[in-house]
Amino acid sequence: MYFSASFEELQNRKMAHWFHRNPLKATAPASFDLRLVATNAASQKICSEARQARQRLLEVISDPNNEVATLETAVNNYLALLHGFMVSLDDDKSGDSKMRMIFKFKWTNTLCGNMPQEQQDTVFELICMGLNIALWYTKHAAKIAGKEEPAMEEAKEVHKCLRKAAGIFQNIQDSQVGRLVEQPEKGTDMDSRVLNAYIHQSTAEAQEVTLARAIELKHSSSLVSALAYETSKMFINSDDSLASLEEKDVGKWRKYLQLKSSFYHAYAYSYHGETLLAEDKCGEAIRCLQESVKYFDKATTLSKDYSSTKGPGTTCKPQEHAFYKNLGTHLKRTLEKCERENGFIYHQKVPPEAPELELKATYGLVKPEEFEIPAPSPLWSKAVYGAFDITKNTQPDDKKKNDDKKKDGEELPPVKEADIPQSNKDPKTFSGCSIS
């Protein structure tokens, strides 16, 4: 069953300490009832299987504690059955399925409350379900990252899940939204600004794993600085994508993206300072570390603003995370070392302006993992496709029309998402990051 929850319940629930997550999209049931159109047992079975597969997928998506294999089995089953309702299986008539516009689907948006949009278009269903699948990957990644001591393979799974999410968002933006007959409304999940924000955020969070690993393995300060700077830019790109949208819808989300960007900007300046110190440029190193402190303080202020800002999504607590607190300790220690050595050895002037960070990581940068729609289910064939006779698609009777009209103004209950257990213990790693 696709459970529902009150809005207040969802707002008060705490997710991972490190990641902000927007709510899943809610949807109305889809019966796939074609009555006279499905003219034989094989075509009727397709409709029945599609209805059950959709319900199963929605159940799996509502619980990020499920295994990836469970999710991917449910995804492949449903999308493979949906295939023939989107794409023609008639060799003589390629392109869209003759049944693409036969079903009506209703979905809410992650940012716009519980009033659904509806379209009579199977591509709309593909996009909306795809968005929820991508969101599941991000929530599953948060679940693993919230463990006390994730194993190396689990850290890789976090990385992979976030890249898969970015790939699905990318596919929806590049290949699916343009196919819609009814173009998306501004501020909805299919708005290019929202999709861009999701793509950049998922990619940036995957790169956080790469960066934490580089810190844990004590790679060169120049590499860590470059990776941190690239990660900061990804988060700010995500924030910039949302800048022209309504503050009430995206204000909280933007605070999260801004605090993450400031945090990694602080990391970049901190490790760049270490690089300069190793080159005996102690005065410049001190100025870098002072700039790092500025960005760290900014991130701390944004963390408090984020916690007090109302809006869609769960509330994370990055400022309480060991990875965050460790940077503050690292900054203080490194700045004191630089100032001490400058007083005893270098006697260099500290520049009035911080150097511009023109860093480019030579490796370690994350890219979205490409997403492909599954091939048609074995239940589909040219003969089965031909057994759907759309000329027999009757118009709904007056009672059905009236019932549908009454429901048009009704909100859908939000999805009741399963709780994710989170460890309250600090990781025993050098970086303070549990997924390094």
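Hey, any hits in the range 21-29 for a residue that's under 20 Å from LYS106 (Cβ atoms), modelled with pLDDT of 95 or more, in a loop (DSSP other than H, G, I, E, B) and over 18 Å from the mean Cα position of the chain (by Cα)? Spell out the reasoning first.
Of the range 21-29, the ones under 20 Å from LYS106 (Cβ atoms) are 22-29.
Now restrict to residues that are modelled with pLDDT of 95 or more: 22-29.
Add one more test, that the residue is in a loop (DSSP other than H, G, I, E, B), and what stays is 22-26, 28-29.
Then keep just the ones that are over 18 Å from the mean Cα position of the chain (by Cα); that gives 28-29.
Yes: the range 21-29 contains one or more residues that are under 20 Å from LYS106 (Cβ atoms), modelled with pLDDT of 95 or more, in a loop (DSSP other than H, G, I, E, B) and over 18 Å from the mean Cα position of the chain (by Cα).
Per-residue answers, yes or no, for (1) free of Cβ contacts under 8 Å to residues at least 40 places away in the same chain; (2) of a type outside the set (Phe, Trp, Tyr); (3) outside any loop (DSSP other than H, G, I, E, B):
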| site | (1), (2), (3) |
| --- | --- |
| ILE133 | no, yes, yes |
| ALA142 | no, yes, yes |
| LYS147 | no, yes, no |
| LYS156 | yes, yes, yes |
| CYS161 | no, yes, yes |
| GLY167 | no, yes, yes |
| GLY178 | yes, yes, yes |
| VAL181 | no, yes, no |
| ILE199 | no, yes, yes |
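Scan the range 83-103 for residues that are among the aliphatic types (A, V, I, L, M) and closer than 17 Å to GLN119 by Cβ and jot them down.
Narrowing the range 83-103 to residues among the aliphatic types (A, V, I, L, M): 86-87, 89, 99, 101-102.
Once the filter is applied, which keeps residues that are among the aliphatic types (A, V, I, L, M) and closer than 17 Å to GLN119 by Cβ, the range 83-103 yields MET86, MET99, MET101, ILE102.
Mind listing whichever residues of the range 336-362 are touching a helix residue (DSSP H, G or I) at 6+ places or on another chain (Cβ under 8 Å) and over 14 Å from GLU284 (Cα atoms)?
Result: ILE345, LEU359, LYS360, ALA361, THR362.
Residues being assigned to a loop (DSSP other than H, G, I, E, B) and farther than 20 Å from VAL87 by Cα: count how many of those fall in the range 183-197.
The initial filter retains those residues of the range 183-197 that are assigned to a loop (DSSP other than H, G, I, E, B), namely 183-191.
Now narrow it down to the ones that are farther than 20 Å from VAL87 by Cα: 184-191.
So the count comes out to 8.
So how many residues does the range 93-108 have that are among the aromatic types (Phe, Trp, Tyr) and closer than 10 Å to ASP121 by Cβ? Step through it out loud before you land on a result.
Going through the range 93-108, the residues among the aromatic types (Phe, Trp, Tyr) turn out to be 103, 105, 107.
Remaining after also requiring closer than 10 Å to ASP121 by Cβ: 103, 105.
Here the count works out to 2.
Going through the range 286-325 one residue at a time, which ones are hydroxyl-bearing (Ser, Thr, Tyr) and farther than 25 Å from THR110 by Cβ? Lay out the reasoning, then the answer.
First, pick out the residues of the range 286-325 that are hydroxyl-bearing (Ser, Thr, Tyr): 292, 295, 300-301, 303, 306-309, 314-315, 324.
Of everything in the range 286-325, those that are hydroxyl-bearing (Ser, Thr, Tyr) and farther than 25 Å from THR110 by Cβ turn out to be SER292, TYR295, THR300, THR301, TYR324.
Name every residue in the range 53-71 that is open to solvent by 10 Å² or more (accessible area, probe 1.4 Å), over 17 Å from PRO376 (Cβ atoms) and either in a helix (DSSP H, G or I) or at pLDDT below 95 (or both), in order of residue number.
GLN55, ARG56, GLU59, VAL68, ALA69, THR70
Based on this model, can you work out whether LEU79 counts as touching a residue at least 12 places away in the same chain (Cβ under 8 Å), part of a helix (DSSP H, G or I) and closer than 28 Å to TYR385 by Cα?
Working: touching a residue at least 12 places away in the same chain (Cβ under 8 Å): yes; part of a helix (DSSP H, G or I): yes; closer than 28 Å to TYR385 by Cα: yes.
So LEU79 fits the description; yes.
Quick one: in the range 277-307, which of the residues that are among the small types (Gly, Ala, Ser) and farther than 20 Å from LYS325 by Cβ is surrounded by the fewest Cβ atoms within 10 Å (Cβ to Cβ)? Step through it out loud before you land on a result.
So in the range 277-307, the residues among the small types (Gly, Ala, Ser) come out as 278, 283, 285, 292, 299, 303, 307.
Those left that are additionally farther than 20 Å from LYS325 by Cβ: 278, 283, 285.
Numbers: ALA278: 12, GLY283: 16, ALA285: 28.
Residue satisfying both the conditions and the ranking: ALA278.
Checking GLU274 against (1) open to solvent by 50 Å² or more (accessible area, probe 1.4 Å); (2) in contact (Cβ under 8 Å) with a residue 40 or more places away in the chain; (3) out of contact with any Leu (no Cβ under 9 Å at 6 or more places or on another chain), only one condition comes out false. Which one?
Unmet condition: (3).
From the list SER262, SER244, SER220, which residue is at pLDDT below 95, of a type outside the set (A, V, I, L, M) and more than 18 Å from the chain's Cα centre (by Cα)?
Values: SER262 fails: at pLDDT below 95; SER244 fails: at pLDDT below 95.
Exactly one of SER262, SER244, SER220 is at pLDDT below 95, of a type outside the set (A, V, I, L, M) and more than 18 Å from the chain's Cα centre (by Cα), namely SER220.
If you scan the range 141-198, which residues turn out to be surrounded by fewer than 19 Cβ atoms within 10 Å (Cβ to Cβ), under 18 Å from ILE61 (Cα atoms) and aliphatic (A, V, I, L, M)?
none
Which one is nearest to GLU205 (Cα to Cα) among residues in the range 221-261 that are in contact with a helix residue (DSSP H, G or I) (Cβ under 6 Å, 6 or more places away or on another chain), open to solvent by less than 30 Å² (accessible area, probe 1.4 Å) and of a type in the set (Phe, Trp, Tyr)?
Out of the qualifying residues, it is PHE235.
Evaluate the range 73-86: report whether one residue or more is at pLDDT 95 or above, loosely packed, with under 15 Cβ neighbours inside 10 Å and more than 30 Å from PHE263 (Cα to Cα). Write out each step before concluding.
Of the range 73-86, the ones at pLDDT 95 or above are 73-86.
Filter again for loosely packed, with under 15 Cβ neighbours inside 10 Å, leaving 73.
After this cut, where a residue has to be more than 30 Å from PHE263 (Cα to Cα) as well, the list is 73.
Within the range 73-86, one or more residues are at pLDDT 95 or above, loosely packed, with under 15 Cβ neighbours inside 10 Å and more than 30 Å from PHE263 (Cα to Cα).
Could you please find all residues in the range 368-378 being more than 23 Å from GLN207 (Cβ to Cβ) and open to solvent by less than 60 Å² (accessible area, probe 1.4 Å)?
Matches in the range 368-378: ILE373, PRO374, PRO376, SER377.
Quick one: in the range 308-335, which of the residues that are touching a helix residue (DSSP H, G or I) at 6+ places or on another chain (Cβ under 8 Å) and in a loop (DSSP other than H, G, I, E, B) is surrounded by the fewest Cβ atoms within 10 Å (Cβ to Cβ)?
Only one residue fits best here, namely LYS310.
Which residue pairs have Cβ atoms under 6 Å apart, sit 6 or more places apart or on different chains, and have a first residue in the range 201-217 that is touching a residue at least 60 places away in the same chain (Cβ under 8 Å) and a second that is aromatic (Phe, Trp, Tyr) and open to solvent by 10 Å² or more (accessible area, probe 1.4 Å)?
Going by the 6 Å Cβ cut-off, the qualifying pairs are GLU216/PHE430.
Can you name the residue in the range 336-367 that is assigned to a loop (DSSP other than H, G, I, E, B) and open to solvent by less than 50 Å² (accessible area, probe 1.4 Å) and, of all such residues, is modelled with the highest pLDDT?
We begin by selecting, within the range 336-367, every residue assigned to a loop (DSSP other than H, G, I, E, B); these are 347-367.
Checking which are open to solvent by less than 50 Å² (accessible area, probe 1.4 Å) leaves us with 351, 354-355, 357, 359, 361, 364, 366.
Details: PRO351: 95, ALA354: 90, PRO355: 88, LEU357: 87, LEU359: 72, ALA361: 72, GLY364: 72, VAL366: 92.
Checked the range 336-367; the qualifying residue modelled with the highest pLDDT is PRO351.
The values are calculated or read from the model by the stated rules, or taken from the named source; none is laboratory data. Note that the coordinates shown come from a computational prediction; the quantities given were computed from them, not determined experimentally. Neighbour counts are summed over all protein chains in view; Cβ atoms, including those assigned to glycine, are modelled from backbone coordinates with ideal geometry. Please note that ligands, DNA and RNA were not included when accessible areas were found on the heavy atoms of the full protein model with its side chains. Shrake-Rupley method; radii C 1.70, N 1.55, O 1.52, S 1.80 Å.
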